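See below for the structure under consideration.
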Amino acid sequence: AVLEKEHKVALYDYDIDILTNKRLKQVISSENPDVVGLTANTVSIKSAREIASAVKEHDKSVPVMIGGIHATMDPDNCINVPNFDFVIRSEAEYTILNLVNHLSDGNFDDIDGIWYRKNGEVIKKPEGAKIENLDELPFPARHLIRKPGAYIPIDARRRPVTPMMTSRGCPARCNFCCTKNNLGLKFRYRSPDNVVAEMEHSIEK
C-alpha cells in the first residue's frame, strides 16, 4: 500500500496464485517487473530462493529484495544468497519505498534497515526506526489480493473475513517468540478511530 502511492504494484501469492514453476515463469514474463520483493518465514525461505532464481533467469538486472521474519532474524544467510540483492529487516514500509526510489541512482547510504552488496563487500545498515504513529500508514492494499476467498479460515462464522493489524511490539521477552526481535519491545497501537475506519473501509470496499 505504501509503494502503491508512487509506483505500480502487482501482488502474487505463490501458494494461491501460481502453484507451479511453469506458471511462475509465465507471471514473471508477463509482468516484466522493474523490481521484485519477496517475503518469507523460515519454512518458505527455500521457495523464496527458487522464485528469486526464476526472476534472475528472466532478467539478471532485476533487483530482488527479501524481507519478512526470516530475513530479519537471519540476514547473514539471506545476503549470502546470490539472487537476493537486498535484505530488508524489521518494519519495511518506509524502507522499501525509500529503496525503490533510489534504485535508479544507486545511492543507498542513507537507507537504514537494509543489507546489500557493494563492490564485493556486504554493507550492513542498522535497523530503521520503528514507526511510532501507526495511524499514518495506509490501510493494506486488499484490492490487490486476487483470490480473497482462499484466505478464509474454515471456522469463520461469517464471510468474507480479513485480518487487521491494530498494534505492534510487545514488552515481554519470551524466548519462544520473535516479536521482540521483529517489532520491538515497545507496545505501539493505532487509535480507535483509525481502527474503526479500516473496519468500515473493509466492509464498504
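The values are calculated or read from the model by the stated rules, or taken from the named source; none is laboratory data. The structure displayed is predicted, hence computed values, not measured ones. Here the Cβ is made from the backbone with ideal geometry for all residues, glycine too, and neighbour counts use every protein chain on show. Ligands, DNA and RNA are stripped out before the accessible areas are found, and what is left, the full protein with its side chains, is counted by its heavy atoms. Shrake-Rupley method; radii C 1.70, N 1.55, O 1.52, S 1.80 Å.
Using the Cβ of VAL161 as centre and a radius below 15 Å, the other residues enclosed give a net charge of +4, where K and R count +1 and D and E count -1. Among the cysteines of the chain, CYS78, CYS170, CYS178 have no other cysteine beta carbon within less than 4.7 Å of their own.
Note on ARG23 and LEU103: the model spin-label points, each 7 Å out from Cα along the C-beta direction, lie 2.4 nm apart.
Solvent exposure of PHE139, expressed as accessible area, is near 60 Å², computed with a probe of 1.4 Å over the protein chains only.
For the chain, the solvent-accessible area with a 1.4 angstrom probe is 63 square angstrom per residue. Computed with a 1.4 Å probe over protein heavy atoms only, the accessible area of HIS70 comes to about 20 Å². All C-alpha to C-alpha distances of the chain, sorted into 10 Å bins beginning at zero, yield P(r) values of 7, 29, 38, 21, 4, 0 percent in whole numbers.
For the range 1-96, what is one quarter of the convex hull surface built on the Cα atoms, given in nm²? Present the calculation step by step, with values, prior to reporting the outcome.
Numbers: hull surface 23.7 nm².
Hull-based average projected area comes out at 5.9 nm².
When the chain is treated as a GNM with alpha-carbon contacts under 10 Å, the residue of ILE51, ILE114, ILE145 showing the greatest mean-square fluctuation is ILE145.
Counting only DSSP beta bridges with both residues in the range 15-150, the antiparallel share comes to about 55 percent.
HIS7: net charge of surrounding residues, Cβ under 14 Å, Lys/Arg +1, Asp/Glu -1, itself excluded? Could the numbers behind the result be given before it?
On the way: positive: LYS5, LYS8; negative: GLU4, GLU6, GLU31, ASP34, GLU93.
Summing Lys and Arg as +1 and Asp and Glu as -1 gives -3.
Each of ASN101, HIS7, ASN182 was scored by the projection of its Cα onto the charge dipole of the chain, and the greatest displacement toward the positive side belongs to ASN182; charges sit on the C-beta of Lys, Arg, Asp and Glu.
Would you mind counting up the charge near SER53? Only other residues with Cβ under 15 Å from its Cβ, with Lys and Arg at +1 and Asp and Glu at -1. Could you put the intermediate results ahead of the total?
Details: positive: LYS22, LYS25, LYS46, ARG49, LYS56, LYS60; negative: GLU50, GLU57, ASP59, ASP85.
The answer is +2.
Placing +1 on the Cβ of every Lys and Arg and -1 on the Cβ of every Asp and Glu, with no other charges, gives the chain a dipole of roughly 720 debye about its Cα centre. A 1.4 Å probe, protein heavy atoms only, puts the accessible area of CYS177 near 50 Å².
Where in the chain lies the longest segment free of GluC sites (Glu not before Pro) that are both loop residues by DSSP (not H, G, I, E, B) and have at most 10 other Cβ atoms within 10 Å?
Numbers: sites that count: GLU6, GLU132.
Of all site-free stretches, the longest is 7-131.
Comparing mean-square fluctuations of GLY184, GLY67, GLY149 from a GNM of the chain with C-alpha springs under 10 Å, the top value falls on GLY149. When the residues TYR116, TYR14, TYR94, TYR189 are ordered by accessible surface, computed with a 1.4 Å probe over the protein chains alone, the sequence from largest down reads TYR189, TYR94, TYR14, TYR116.
As a test of the formula, what do you get for the chain when each DSSP H run with n ≥ 4 contributes -39,500 (n - 2.57) and the sum is divided by the residue count, at 222 nm and rounded to the nearest 500 deg cm²/dmol?
Values: 7 runs with 61 residues, N = 205.
So the helix-based figure for the chain works out to -8500 deg cm²/dmol.
Keeping every protein chain in place, order ASP105, ASP34 by accessible area at 1.4 Å, biggest value first, i.e. largest first. Each step should come with its number before you reach the end.
On the way: ASP105 90, ASP34 135 Å².
Largest accessible area first, the list is ASP34, ASP105.
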